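Asks: My questions will all concern the structure given below.
Any read-out appearing in this document is the output of simple, stated calculations on the displayed coordinates, not a laboratory observation. These numbers come from a predicted model, not from an experiment. Backbone-built Cβ (ideal geometry, glycine too); neighbour counts: all protein chains shown.
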Amino acid sequence: MRVYDRQRQEWAGGRRERLYHPEQYLDLPRQRRVLERTGVVLAVVGVCFGVWAFAWKDEPEPPSPPPAAASQGESAPADQGSPVPEEEFPSGTESGSGSGTGALPADYAELTDEEGFRVAVPTSWSRDSSGSKFGIDIVNYRSPDGLRRLQVFQLMEASPYASLQAAQTESSKLDGYELIDLIEIPSSPYAAAEHEYRASEITGESDTGAVRHVIDHRFEASDGERYALVAYGPDSTDGAERELVDTALAWFCPPDAICPTPSG
């Protein structure tokens, strides 16, 4: 077979052909030895590459740099071992303008009523009750002189504000009625509303002609039920009705419920 010599640009003879394709002119044993040596070399190269690749994959990553120290003026993280103070919750709801603390004023005492609720009232007051068409009985706590009263009852309306709107419609018919405020209380943890007014006539009481001051606070308690705390007293600026409602509200706990003791 003749081979074309590109360098000389001519056809070469058999000797030159053997130079260009020496493997074709080896005998069979020599060809086998050449193939075996080539296979061994390739196998050794493959093993070396595999060892290198495996060692590179398992090489440990460099350690992460330590966190930078907090810069001046940056707050340090809280000590996880220190106890976190528990948040305090009122057993009822906060009044719109009252202090909302659970500290008992002088001459007040905590009590659990026969109807099952907890409340705080002045120590010298008496108690009476009457039947109700819904929920617990209507409970009244009265001062010894009969001038002040705290009334507790349960609501059947869907919301405290809706209940007060209905009550205000009737209260506005009382002699000498004067609206002071009728509001919802958005700051309360539960739904709450309040109706404050003056009137010279109070339903269910003898007509003395004296102007009375009323704070009617209605709210949803922790049991999901709605209740009313209504304070009645002479029209004055001593804030007695506000103290009466706020104290009763802070200590109120519905029947069959477990409530924390308020702290001042």
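Asks: Report relative contact order for region 130-264 in percent, whole number only (criteria: Cα-Cα under 8 Å, sequence separation at least 6). Provide the component values of the computation, followed by the final result.
Replies: On the way: 261 pairs, mean separation 27.9, N = 135.
Once normalised by length, the contact order is 21 percent.
Asks: How much length, in nm to one decimal, is gained on full extension between E178 and E157, taken as 0.36 nm per residue of separation minus their Cα-Cα distance? Intermediate values should be presented prior to the final figure.
Replies: Numbers: separation 21, 0.36 × 21 = 7.56 nm, distance 2.42 nm.
So the extension gain works out to 5.1 nm.
Asks: Here's something else I'd like to know. Could you tally the net charge around M156, taking each other residue with its Cβ under 11 Å from the Cβ of M156, Lys/Arg +1 and Asp/Glu -1?
Replies: Working: positive: K133, R226; negative: E157, E225.
For residues surrounding M156, the net value is 0.
Asks: Given labels modelled 7 Å from the Cα in the Cβ direction, how far is it in nm from D128 to E114?
Replies: Roughly 1.3 nm, to one decimal.
Asks: Also: Just want to confirm a number: the relative contact order over region 162-234, from Cα pairs under 8 angstrom separated by 6+ residues, in percent.
Replies: On the way: 135 pairs, mean separation 17.5, N = 73.
Taking the mean separation of contacting Cα pairs over the length of region 162-234, I get 24 percent.
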